[in-house]
Amino acid sequence: MNKNQLWMVRAGEGAFLVEDFLTKNIVAIGWNATGDLSKVENIEKLKELVRKNYPEYKNGQVISSAGQIHRFLIDFKIGDCVMTYNPSERTYSIGEIVSGYKFDETSCEYFHTREVRWIGKVQRDDLSTSTKNTLGAIMTIFDIPKQPREELFSLLAGKPSKIIEEESEQESLESIKEDFIAKSHEFIKDKALSLDWEEMQELVAGILRAMGYKTRVSPKGSDRGKDIVASPDGLGLENPRIVVEVKHRQGSMGAQELRSFLGGLRANDKGLYVSTGGFSKDARYEAERANIPITLVDSDILVELIIQYYDSFDNETKTLVPLKKIYWPIR
C-alpha cells in the first residue's frame, strides 16, 4: 500500500453512490457516454471523446472533465490509496486500489471503475480545520497533499497528529467560488451539528417561523412523536398543520421509526421528519408510499434551508447558527 499517494474520489453528487462504493469495493466516475477507455492513453483523445459525447460542455468543462478522467485512467496505480466521503455519516473511508481500470456497466450507475480494498474510516469531526478545508474541494478527483494525508493516516491508525496548513495552488476565480460554496456548506453543517438536541429543535422551529408559520415546541419529556407543531395560527387549528419530529444523533433513521411517526398523524396533517443522521433507503421508500404527505430532511437539506431562509430568521434562531453574508464579484 502506497501511503505516499492518496486520491479523493467523490461518490457522485451528494455522494449518492457511496453505498455502492463501500459494499461493492469499488470507486467509479461518470462520463459513461465516452465508452470503454481501456485503450486510450492520450489526454487529447479524451478531450475529443468528451467534446463529442457531451456537446453541451463549454471548453473549460471539456478540459476539466478530460483531466479528471485521465487521472482515474492513467495516474491511478494499483497500490495507491483512495478515499471517499459519506456526508450522512460524516466519515471518510480509506482504502487501497487493487485493480486496473475497468469499464463495468453492472456495478453502479458510473461505469468507469477500479476495485478497492477498504481499510477503515476517519470521522470528519476529528480532523483539523485546515484538513477539512482541503477536503472540501468540489472536484470529483483530487490528490490529497502531504500534511492532510499524514493526518488522515495517523487518525486511521488511532494516533492523532498535529497538522500545519499549507497554501493551495493558484485557481481560477470561478473555481475558487464553487469551492468556497461547497466548503461553506460543510462548515455550516459542522456548526449546526454541534448543537445539542434542544438547540436543534429550536433551529428547526426557527426555520419554520422564517417560512411564515407559527410554532409550538414541545417541552422536555415524552412528546409522543411531536417535537414541533407548526400552523398559520400557531394553535394547530388552521391548515396546514405540520407535525415535526426531530432526531439529532448519529445513525440513519429506519423504516420502523418512520412508520411509528406516521402512525401518530391525523388525516389532514403534514409530516416533517428531521434526521441529522440521514435516512435508510427503506425509510425513504416508506415516506414515498405514505398516505399522509411527509417530507424528510437530512443534514444537507437542513443546511440548504438555513441558507435559503436565514435573512428571515429571528434573532434567537440566528444566534444558534451565526452566519455572515459575503459578497462575491461577478465577472
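The values are calculated or read from the model by the stated rules, or taken from the named source; none is laboratory data. Computed from a predicted structure; not experimentally measured. Counting neighbours? That spans all protein chains shown, and the Cβs are built from the backbone with ideal geometry, glycine included.
The residue that is surrounded by the most Cβ atoms within 10 Å (Cβ to Cβ), counting only those in the stretch 119-151 that are outside any strand (DSSP E or B) and touching a Leu at 6+ places or on another chain (Cβ under 6 Å), is I144. Of everything in the stretch 68-102 that is of a type in the set (G, A, S) and buried (at least 16 other Cβ atoms within 10 Å of the Cβ), the residue that is nearest to the chain's Cα centre (by Cα) is S88. Under the condition of being modelled with pLDDT of 95 or more and surrounded by fewer than 20 Cβ atoms within 10 Å (Cβ to Cβ), the residues counted in the stretch 105-118 number 3. Tell me, which residue of the stretch 244-298 that is surrounded by fewer than 17 Cβ atoms within 10 Å (Cβ to Cβ) and among the small types (G, A, S) is nearest to the chain's Cα centre (by Cα)? Among those that are surrounded by fewer than 17 Cβ atoms within 10 Å (Cβ to Cβ) and among the small types (G, A, S), it is G251.
Restricted to the stretch 1-30, and to residues that are among the aromatic types (F, W, Y) and in contact with a strand residue (DSSP E or B) (Cβ under 7 Å, 6 or more places away or on another chain), which residue is nearest to G67 (Cα to Cα)? Full working, then the answer.
Narrowing the stretch 1-30 to residues among the aromatic types (F, W, Y): 7, 16, 21.
Among the residues that remain, those that are also in contact with a strand residue (DSSP E or B) (Cβ under 7 Å, 6 or more places away or on another chain) are: 7, 21.
Working: W7: 14, F21: 22 Å.
Only one residue fits best here, namely W7.
Scanning the stretch 311-328 turns up at least one residue that is closer than 29 Å to E186 by Cα, surrounded by 14 or more Cβ atoms within 10 Å (Cβ to Cβ), over 22 Å from the mean Cα position of the chain (by Cα) and of a type in the set (K, R).
Here N239 meets the list (1) outside any helix (DSSP H, G or I); (2) touching a residue at least 60 places away in the same chain (Cβ under 8 Å); (3) of a type in the set (S, T, N, Q) almost entirely, failing just condition (2).
Total residues in the stretch 286-331 satisfying the condition of being part of a loop (DSSP other than H, G, I, E, B) and in contact with a strand residue (DSSP E or B) (Cβ under 9 Å, 6 or more places away or on another chain): the figure is 4.
I need the full set of residues from the stretch 256-285 which are over 24 Å from E89 (Cα atoms) and in a helix (DSSP H, G or I), in order please. Hits for the stretch 256-285 are L262, G263.
Applying the selection to the stretch 24-61, what residues are in contact (Cβ under 8 Å) with a residue 60 or more places away in the chain, within 15 Å of L73 (Cβ to Cβ) and of a type in the set (D, E, K, R)? Listed by number, the list holds a single entry, D36.
Looking only at the stretch 2-36, which residues are in a strand (DSSP E or B) and crowded, with 17+ Cβ neighbours inside 10 Å? Please lay out each step first, then the result.
From the stretch 2-36, those in a strand (DSSP E or B) are 2-9, 26-29; that's our starting set.
Passing the criteria: Q5, L6, W7, M8, V9, I26, V27, A28, I29.
Scanning the stretch 182-216 for residues that are touching a residue at least 40 places away in the same chain (Cβ under 8 Å) and of a type in the set (V, I, T), we see that the one that is nearest to Q308 (Cα to Cα) is I207. Of all residue pairs spaced 6 or more apart or on separate chains, those with beta-carbon atoms under 6 Å, a first member in the stretch 253-280 that is within 24 Å of E304 (Cα to Cα) and a second member that is at pLDDT below 90 and among the hydroxyl-bearing types (S, T, Y) are G277/S252; G278/S88; G278/S252; F279/S252; S280/S252.
For S65, indicate whether it is under 19 Å from A15 (Cα atoms), assigned by TED's automatic domain parsing to the domain that holds K52 and part of a loop (DSSP other than H, G, I, E, B). Spell out how you get there, then give the answer.
On the way: under 19 Å from A15 (Cα atoms): yes; assigned by TED's automatic domain parsing to the domain that holds K52: yes; part of a loop (DSSP other than H, G, I, E, B): no.
Criteria not met by S65.
Scanning the stretch 111-121 finds one or more residues that are touching a residue at least 60 places away in the same chain (Cβ under 8 Å), assigned by TED's automatic domain parsing to the domain that holds V27, acidic (D, E) and out of contact with any Cys (no Cβ under 8 Å at 6 or more places or on another chain).
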